[in-house]
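To start, the structure itself, in structure tokens.
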Amino acid sequence: MLELLTATFTDLQIGLLSFGVLLVLIAFRIPLAAAMFAVGLLGTYLVAGNMRMMDSQLKTFAYGTLTNYSLSIIPLFLLMSEFAMRGGMSSALFKAAEAWLGHKKGGLAMAAIGASAGFGAVCGSSLATASSMGRVALPELHRAGYSGALSTGALAAGGTLGILIPPSVVLVVYAILAEENIEKLFTAAFVPGILAMLGYMLTVAIYTRMVPGSAGSIERLPYKDRFRALIPVWPVIVIFTLVIGGIYTGAFSPTAAAAVGVAGTALVAWFKRALTWEAVRDSLLSTAQTSAMIFFIILAAGVFNSFLSSAQVPQTLAAYFFEAQVSPWTILIGMLLLYLVLGTVMDSLAMIFLTVPIFIPIITQLDFGIPPAEVGIWFGILVLMSAEIGLITPPVGMNLFVINAMSKGVGIGQTYRGALPFVLSDIIRITVLVAFPSITMFMVRLFFS
């Protein structure tokens, strides 16, 4: 059977067919890492014609891949998220935002989005942000008379800010795959992340005016109480300043900054008597499980991408686009549209692992009117934004399921409808960032030029 395949198809055709095989395995609910690992090893055997290259990969690939020092930042940011959730930071942020915005039309939903952005600044995980904010904000939104569609849609969208506002685990993974500078990617993500938060708030304001009765209201608080609500937020501000400010100013490397963040969030949780031995054990176990999953996917992606490189897939695709003289903007838009399609059936990490190693060699050689060194960073933010849309796009939007499961009495159809206006906001924002790359690169040029 294997001999028939090698006799029938060229190496390039085998490489292209592997994408179809991989998607079929994923459709049958085979874990992404296992699917990529199996297809990569089998493809390597077919291209090489013997077991020697595959044996060499099995002996050396794991050590060579997982000893990358940059990977240590992933478990640190995940552990930081665990301690931040246990330290009650999400509750403090929501109460502060509620005090200032809750009395406005749609203000509680805006407060949930603003608090999600603040929590994302010390979290780095979309699902952790969504689940943590959902526990805090959903009861308040329902009590205030917000519709199920708006409350769940706003919280699902707000959860995506966990990967948009630095630090971001997804950006770290992109940096490793694309061999880009993590500090520059974090810096570039800041302005688009703020635009995402403001865009979501504007979406709530428009939605509540177009759909009367979708939002209730609460009593306006005096300024004395509003300022008092800001006091419990100071740990978040301090930790964010230490972590991200330390990275931007060069005081810390990203890994050192992540370690500082872990220490800071642990201290906050400890002072609030939430960091029991059981909580520490559970946090470490959860971090280890998620890190192991990500590391296995990284290893499997390395094997799969090594096979694609041996089959000359990235090189051939790049040469094809150059020889066809297709407009760089057409290629970029095609890639982003593919992300929107994949986002309906795949999670963000799966999309990034599957596509970035193929797209990066193509996109970094195209002329978009900005310095070549900036293209990979700009594209990384666009990829991040596209992956974020996948988190709230039916039918496999992970944030939608997380929030809907926490909202009793709200059907998944309502949550889908509530998320659609935020998807439109995302598409508008990506269009603006594509048209004006300087918005993304402004802070990078400011800090690193």
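Here is the figure for the range 325-348: residues that are open to solvent by 50 Å² or more (accessible area, probe 1.4 Å) and in a helix (DSSP H, G or I) total 7.
Can you find a residue that is of a type in the set (Lys, Arg) and either open to solvent by 30 Å² or more (accessible area, probe 1.4 Å) or touching a Lys or Arg at 6+ places or on another chain (Cβ under 8 Å) (or both) anywhere in the range 417-429? Yes - at least one qualifying residue is present in the range 417-429. Screening the range 4-101 for helices (runs of 4 or more DSSP H) wholly inside it with 3 or more residues that are free of Cβ contacts under 8 Å to residues at least 60 places away in the same chain, surrounded by fewer than 22 Cβ atoms within 10 Å (Cβ to Cβ) and of a type in the set (Ser, Thr, Tyr) returns the ranges 52-66. Among the candidates Val136, Val170, Val204, the residue that is within 21 Å of Gly376 (Cβ to Cβ), in contact (Cβ under 8 Å) with a residue 40 or more places away in the chain, in a helix (DSSP H, G or I) and β-branched (Val, Ile, Thr) is uniquely Val170. Being within 27 Å of Lys105 (Cα to Cα) and modelled with pLDDT of 90 or more is a condition met by no residue of the range 245-264.
Just one of the numbered conditions (1) of a type in the set (Val, Ile, Thr); (2) open to solvent by less than 60 Å² (accessible area, probe 1.4 Å); (3) assigned to a helix (DSSP H, G or I) is not true of Ile370: (3). So, in the range 43-83, how many residues would count as being aromatic (Phe, Trp, Tyr) and at pLDDT below 85? Matching residues across the range 43-83 total 4. For the range 216-257, the set of residues classified as exposed (fewer than 15 other Cβ atoms within 10 Å of the Cβ) and in a loop (DSSP other than H, G, I, E, B) consists of Glu219, Arg220, Pro222, Gly250, Ala251, listed by residue number. For the range 269-287, the set of residues classified as part of a helix (DSSP H, G or I) and open to solvent by 20 Å² or more (accessible area, probe 1.4 Å) consists of Trp270, Phe271, Trp277, Glu278, Val280, Arg281, Asp282, Leu284, Leu285, Ser286, listed by residue number. Restricting Asn399, Asn404 to residues that are over 20 Å from Ala175 (Cβ atoms) and touching a Leu at 6+ places or on another chain (Cβ under 6 Å) narrows the list to Asn399. Of everything listed in (1) within 23 Å of Ala387 (Cβ to Cβ); (2) open to solvent by 10 Å² or more (accessible area, probe 1.4 Å); (3) not in a helix (DSSP H, G or I), the single unmet condition for Val122 is (2). Taken over the range 415-429, residues that are small (Gly, Ala, Ser) and within 14 Å of Ile206 (Cβ to Cβ) amount to 2. Determine if the range 433-441 includes at least one residue that is on the phi > 0 side of the Ramachandran plot and either buried (at least 23 other Cβ atoms within 10 Å of the Cβ) or more than 20 Å from the chain's Cα centre (by Cα) (or both). Checking the range 433-441: not a single residue is on the phi > 0 side of the Ramachandran plot and either buried (at least 23 other Cβ atoms within 10 Å of the Cβ) or more than 20 Å from the chain's Cα centre (by Cα) (or both).
Residues in the range 413-444 that are over 23 Å from Ile331 (Cα atoms) and touching a residue at least 12 places away in the same chain (Cβ under 8 Å): 12 in all.
The values are calculated or read from the model by the stated rules, or taken from the named source; none is laboratory data. As the structure is a computational prediction, the values presented were derived from the model and not from experiment. Because the Cβ atoms are built from the backbone with ideal geometry, glycine has one as well, and the counts that use them run over all protein chains shown. Note: areas computed on protein heavy atoms with side chains; ligands, DNA, RNA excluded. Shrake-Rupley method; radii C 1.70, N 1.55, O 1.52, S 1.80 Å.
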